[in-house]
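The values are calculated or read from the model by the stated rules, or taken from the named source; none is laboratory data. These figures come from a predicted structure and were not determined experimentally. Neighbour counts run over all protein chains shown; Cβ positions are idealised from the backbone, glycine included.
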């Protein structure tokens, strides 16, 4: 276990509840924080710390909208935040509200055991699939070339057209009642492989937004009505706030909008930057590597290894990010903390001193540089250089494709290795040629 390997359990306090976090009386000179908490015996205590990280994320406080007549509804209304599994929903009529990832996942799971599932979509969504071309995981397409360089070179209108065309080839979103008015890049991605199968089989029926509730059912905005509804599951997002820190006054939040440098550091504490938020982002990509990188930035600053920008630079960064989000995304409380995975990771890596130097890697090993540029941007890319490097990072990066195939092929992998030997030699040659082309591209870009 990770915690045992690094001997972290002795620093971990289980069954404790934090009540308040506030600047210590000598904060101006020390940057320290007082933390009040209740321990596992129910005793209230206070301790002083050099730094504080709030790692609650943004999925803590469910947002439950109010609909006309819902107080008279005799069925049950819950939020997906409290949904654990399908037990208790067998042979029931269920209405699932929301077509984000949680909403669609719940609808698909319930459709296997419920009498009928209705999926409520207010403005539609574009649905990506987890299993991409040739059976590869979608995350493995998250390369620096595809998701960073091409994004900067190709106009958004062209990118949107290409992706939407591809998604409609899988299933026609208009025919399935899901086509939105917005473009695919203007909302956070929804990813699900099973939904079109459930819709075409009739176990999931797509409906517009709820107009009002009756005692036993739901009337939708198109005038259609479903009677005898047993369960309504709201997947309508979350609100976040930081009342835990000085009653919420230090980090004010309005409609999920908050002013934090890199979605981490409050502007009021730039004198020490000894408090930070971890995981308060909605990435187009994996969340856990981002949280780890945020922690690296925090501790590099706290221990004096690196220095963060000035308050003025932070304010400008916040302003630019807000303007970019408003210009790109549909206006919604969901789209206030959006980040693109690779550009954001690179920003953090630069502050932590572990940014990737593709040109340097190319000079040392062109084939490996090609993997960094065109292969999946896995988290250990940022362990190649800088503080706290990992000696096994390069080998781990080179073995990503092998480990992916091993997970699906199992015992047949050895047979595949001999079968693919010639293919690997050919791909190495192609990689060298591509790496030379890459050198020219990098020279022009960087």
**Asked** Taking the stretch 119-137 as the search range and keeping residues that are touching a strand residue (DSSP E or B) at 6+ places or on another chain (Cβ under 8 Å) and closer than 13 Å to residue 235 by Cβ, which one is surrounded by the most Cβ atoms within 10 Å (Cβ to Cβ)?
**Response** 119
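Rundown of residues vs (1) under 21 Å from residue 298 (Cα atoms); (2) part of a loop (DSSP other than H, G, I, E, B), yes/no style:
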residue: 7; (1), (2): yes, yes
residue: 10; (1), (2): no, no
residue: 13; (1), (2): no, yes
residue: 21; (1), (2): yes, no
residue: 28; (1), (2): yes, no
residue: 34; (1), (2): yes, no
residue: 37; (1), (2): no, no
residue: 42; (1), (2): no, yes
residue: 46; (1), (2): no, no
**Message:** Out of 200, 210, I need the residue that is surrounded by 18 or more Cβ atoms within 10 Å (Cβ to Cβ) and in the same structural domain as residue 96 (by TED's automatic domain parsing). Which one?
**Reply:** 210
**Prompt:** Which one of these is touching a residue at least 12 places away in the same chain (Cβ under 8 Å), loosely packed, with under 14 Cβ neighbours inside 10 Å and in the same structural domain as residue 268 (by TED's automatic domain parsing): 48, 12?
**Reply:** 48
**Item:** residue 59, sole failed condition from (1) under 30 Å from residue 219 (Cα atoms); (2) surrounded by 15 or more Cβ atoms within 10 Å (Cβ to Cβ)
**Value:** (2)
**Asked** Here are some conditions: (1) within 22 Å of the chain's Cα centre (by Cα); (2) surrounded by 13 or more Cβ atoms within 10 Å (Cβ to Cβ). Residue 331 meets all but one. Which one does it not meet?
**Response** (2)
**Prompt:** Any idea how many residues of the stretch 302-320 are buried (at least 18 other Cβ atoms within 10 Å of the Cβ) and without any contact (Cβ under 8 Å) to a residue 40 or more places away in the chain?
**Reply:** 0
**Message:** For the stretch 31-42, which positions are farther than 15 Å from residue 14 by Cβ and without any contact (Cβ under 8 Å) to a residue 40 or more places away in the chain?
**Reply:** 34, 35, 36
**Prompt:** How many residues does the stretch 78-100 contain that are surrounded by 17 or more Cβ atoms within 10 Å (Cβ to Cβ) and either in contact with a helix residue (DSSP H, G or I) (Cβ under 7 Å, 6 or more places away or on another chain) or within 16 Å of residue 212 (Cα to Cα) (or both)?
**Reply:** 8
**Message:** Yes or no: the stretch 240-256 includes at least one residue that is touching a residue at least 40 places away in the same chain (Cβ under 8 Å), in the same structural domain as residue 137 (by TED's automatic domain parsing) and not in a loop (DSSP other than H, G, I, E, B).
**Reply:** no
**Item:** Count of residues meeting criterion [more than 20 Å from the chain's Cα centre (by Cα) and either outside any loop (DSSP other than H, G, I, E, B) or at pLDDT below 95 (or both)] in the stretch 89-107
**Value:** 6
**Complete:** Across (1) over 15 Å from residue 341 (Cα atoms); (2) surrounded by 15 or more Cβ atoms within 10 Å (Cβ to Cβ); (3) touching a helix residue (DSSP H, G or I) at 6+ places or on another chain (Cβ under 6 Å), residue 277 clears everything bar (3)
**Item:** Condition met for residue 27 (under 17 Å from residue 274 (Cα atoms) and surrounded by 10 or more Cβ atoms within 10 Å (Cβ to Cβ))
**Value:** yes
**Matching residues in the stretch 334-379 - criterion: being more than 30 Å from residue 257 (Cβ to Cβ) and within 18 Å of the chain's Cα centre (by Cα)** = 376, 378
**Prompt:** How many residues are at positive phi and free of Cβ contacts under 8 Å to residues at least 60 places away in the same chain when one looks only at the stretch 72-100?
**Reply:** 2
**Request:** Would you mind stating whether residue 21 is crowded, with 19+ Cβ neighbours inside 10 Å and within 30 Å of residue 189 (Cβ to Cβ)?
**Result:** no
